[in-house]
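A.B. asks: Below are the structure tokens for one structure; questions will follow.
The values are calculated or read from the model by the stated rules, or taken from the named source; none is laboratory data. Small disclaimer: the values here were computed from a predicted structure and weren't measured. All Cβ positions, glycine included, derive from the backbone under ideal geometry; neighbour counts span all protein chains shown.
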Amino acid sequence: MRILMQTLDRQTEQNYLAAADTLNRQRLCVLHSEAQVMERLFRDPFDVWIVDDADRQPGWLSMHAEQKRCSLILLLREPARIGRLPDTVLYCFSRSYEPIEVLRRIDRFPIRKSAAEDAEALLSRALQQIGMPVHLKGFYLLKEALRLLLAIDRPTEIQMEHIYAVVSKAQSMQTSAVEHAMRHAIETAWLRADVGTLETAFGNTVRSERAAPSNAEFLFMLTDRIRTQIRGIQI
């Protein structure tokens, strides 16, 4: 796997190069300026592009619009406060993570499945399998929320208010309307799906006598299920 890293921090550069050496990774290239990165991305086929300190260096957003051939990994100071993510963002890590752990996790993630069309199909299938109608607005709002949660390394650190705010901004809706549409879609799915299907998706958290889960319960349970499914392992 070929990895390009963009960082202005020399210590971060040294730490990642040392981690790559420990893992016998010969294909980690570290660059500093945006011009260098864009020139190299267009010239060479990289699988992954790691952007260090991404929440304080927004230049990668405009660069990503021109370069979509590789998956993006973002290193953030505050991962739980990110906004809407481009389709090519595969994962977000806190900058406090050990470089060797970040590289190991990238190795374990099936990069080919990070393409936008594959992610769309995966999320749509997960929602349809539990009986959620595709014509509901909440179906698409929940997909957007799931994609956000899947990209965050520790999704439990993010608040539902932030999820509503990000999705409402992306869809030009009021946050209350987003919350209501999600709720309606979840309750509709709970009425349509049989208990066996729900138990397959959510395990022992589902009982026939229980009402539909809250928006937060639904999103976090389904995020965990999808995360396990696409990795094939527990992390």
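A.B. asks: Take residues that are among the acidic types (Asp, Glu), modelled with pLDDT under 70 and in the same structural domain as LEU141 (by TED's automatic domain parsing) and tell me which of the helices (runs of 4 or more DSSP H) falling wholly in region 158-234 contain 1 or more. I'd like the intermediate steps shown before the answer.
C.D. replies: Values: elements: 160-171, 175-192, 195-202, 215-231.
In region 158-234, 195-202 are the helices (runs of 4 or more DSSP H) which contain 1 or more residues that are among the acidic types (Asp, Glu), modelled with pLDDT under 70 and in the same structural domain as LEU141 (by TED's automatic domain parsing).
A.B. asks: Could you tell me whether ARG69 is modelled with pLDDT under 75 and more than 11 Å from the chain's Cα centre (by Cα)? Step through it out loud before you land on a result.
C.D. replies: Details: modelled with pLDDT under 75: yes; more than 11 Å from the chain's Cα centre (by Cα): yes.
Yes, satisfied.
A.B. asks: Pick out the one residue from LEU61, LEU41 that is touching a residue at least 12 places away in the same chain (Cβ under 8 Å), assigned to a helix (DSSP H, G or I), surrounded by fewer than 17 Cβ atoms within 10 Å (Cβ to Cβ) and in the same structural domain as LEU74 (by TED's automatic domain parsing).
C.D. replies: Values: LEU41 fails: surrounded by fewer than 17 Cβ atoms within 10 Å (Cβ to Cβ).
Testing whether each residue is touching a residue at least 12 places away in the same chain (Cβ under 8 Å), assigned to a helix (DSSP H, G or I), surrounded by fewer than 17 Cβ atoms within 10 Å (Cβ to Cβ) and in the same structural domain as LEU74 (by TED's automatic domain parsing) leaves just LEU61.
A.B. asks: Do we have PRO58 as modelled with pLDDT under 90 and closer than 20 Å to ARG227 by Cβ here?
C.D. replies: Working: modelled with pLDDT under 90: yes; closer than 20 Å to ARG227 by Cβ: no.
So PRO58 fails the test.
A.B. asks: Just checking, which of LEU8, LEU4 is surrounded by fewer than 18 Cβ atoms within 10 Å (Cβ to Cβ) and either touching a Gly at 6+ places or on another chain (Cβ under 6 Å) or at pLDDT 80 or above (or both)? It would help to see each step written out before you state the result.
C.D. replies: Working: LEU4 fails: surrounded by fewer than 18 Cβ atoms within 10 Å (Cβ to Cβ).
Just one listed residue meets the conditions, LEU8.
A.B. asks: Hey, among the residues in region 91-113 that are surrounded by 16 or more Cβ atoms within 10 Å (Cβ to Cβ) and part of a loop (DSSP other than H, G, I, E, B), which one's modelled with the highest pLDDT?
C.D. replies: Per the stated criteria, the residue is ARG95.
A.B. asks: When the residues of region 127-145 are filtered to those that are closer than 15 Å to MET221 by Cα and within 15 Å of the chain's Cα centre (by Cα), which remaining residue is modelled with the highest pLDDT?
C.D. replies: The first filter runs over region 127-145 and keeps only residues closer than 15 Å to MET221 by Cα, leaving 127, 129-130, 142-143, 145.
Next cut, within 15 Å of the chain's Cα centre (by Cα) only: 142-143, 145.
Numbers: LEU142: 93, LYS143: 90, ALA145: 90.
The extreme case among them is LEU142.
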